[in-house]
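Read the structure below first, then the notes.
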Amino acid sequence: MPNFKFLKNMNMRKAIILSAMFLVVLATGCQQRRVTRIDPDRAVDLSGRWNDTDSRLVAQEMTADILSRPWLRRFENSNGRVPVLIVGEVRNRSHEHIDAETFIRNMEREFVNTGAVRLVQGAEFREQIRMERADQHEFAAPETIARWKREIGADFMLTGTMNSIVDQHRRNRIIYYQVNLELTDMETNEKVWIGEKQIKKAVSN
């Protein structure tokens, strides 16, 4: 003979669970996403990870340091012109997925805006430009064609690495970032400048 009291209690529990699930779905659907625009230069640290503010500030400080060192004056005095730089590979060896490309663009912008050096494209973009130049020789009007062998050679290449160390105890973390950059003479392989910048963040949950 079926236990009606047991079945009744089981049905009530199912009904309560289904009602709770319905209320959760309803509440989730009713929540509205709110987006607030903020100043792009404002420092915002939500997670403690490397962010746009870190990239911008490190690029500014390291560019200022490069341009204040003796190698620049020595080159200008010996050659009577400003040097030409190319930004090479900056490797991410940190524990995070850091877009090194953003940092490279920040460095390049700082170099160009100072006017203290000239900057040429890296290998990837150079190939795109050469393909376009080849297309011009095939299809463009003769008077508008960009000529071959007019590229500016770089005098120095900037390369570097991005590293990090995480020290964690329970819900507290110390995140340490270190960016190392080197400027190398393209002709002699001499390192003319070595720069280092550290960032240390304390994160508590």
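The values are calculated or read from the model by the stated rules, or taken from the named source; none is laboratory data. Here the structure is a predicted model, which means the values were calculated and not measured. Cβ sites come from the backbone with ideal geometry, for glycine too, and all protein chains shown count toward neighbours.
A few comments on the model shown:
- Pairs where the first residue, in segment 181-205, is farther than 11 Å from ILE66 by Cβ and of a type in the set (Val, Ile, Thr) and the second is at pLDDT below 95 and in a loop (DSSP other than H, G, I, E, B), C-beta under 6 Å, 6+ apart: VAL203/GLY48
- Contact map, segment 104-131: first residue at positive phi and modelled with pLDDT of 90 or more, second residue surrounded by 12 or more Cβ atoms within 10 Å (Cβ to Cβ) and in a loop (DSSP other than H, G, I, E, B), Cβ cut-off under 9 Å, separation 6 or more or different chains; pairs are GLY115/VAL82.
- Residue in segment 156-167 that is modelled with pLDDT of 90 or more, more than 27 Å from MET62 (Cα to Cα) and surrounded by 15 or more Cβ atoms within 10 Å (Cβ to Cβ) present: no
- Selected residue [among the charged types (D, E, K, R), under 24 Å from THR63 (Cα atoms) and touching a Ser or Thr at 6+ places or on another chain (Cβ under 9 Å)] from GLU190, GLU196: GLU190
- Residues of segment 96-118 that are of a type in the set (Asp, Glu), exposed (fewer than 15 other Cβ atoms within 10 Å of the Cβ) and either more than 10 Å from the chain's Cα centre (by Cα) or not in a loop (DSSP other than H, G, I, E, B) (or both): GLU96, GLU101.
- Remark: ALA154 falls outside the filter, which requires a residue to be over 30 Å from GLN198 (Cα atoms) and aliphatic (A, V, I, L, M).
- Residue match in segment 134-153 (condition: touching a residue at least 60 places away in the same chain (Cβ under 8 Å), exposed (fewer than 11 other Cβ atoms within 10 Å of the Cβ) and either small (Gly, Ala, Ser) or assigned to a helix (DSSP H, G or I) (or both)): yes
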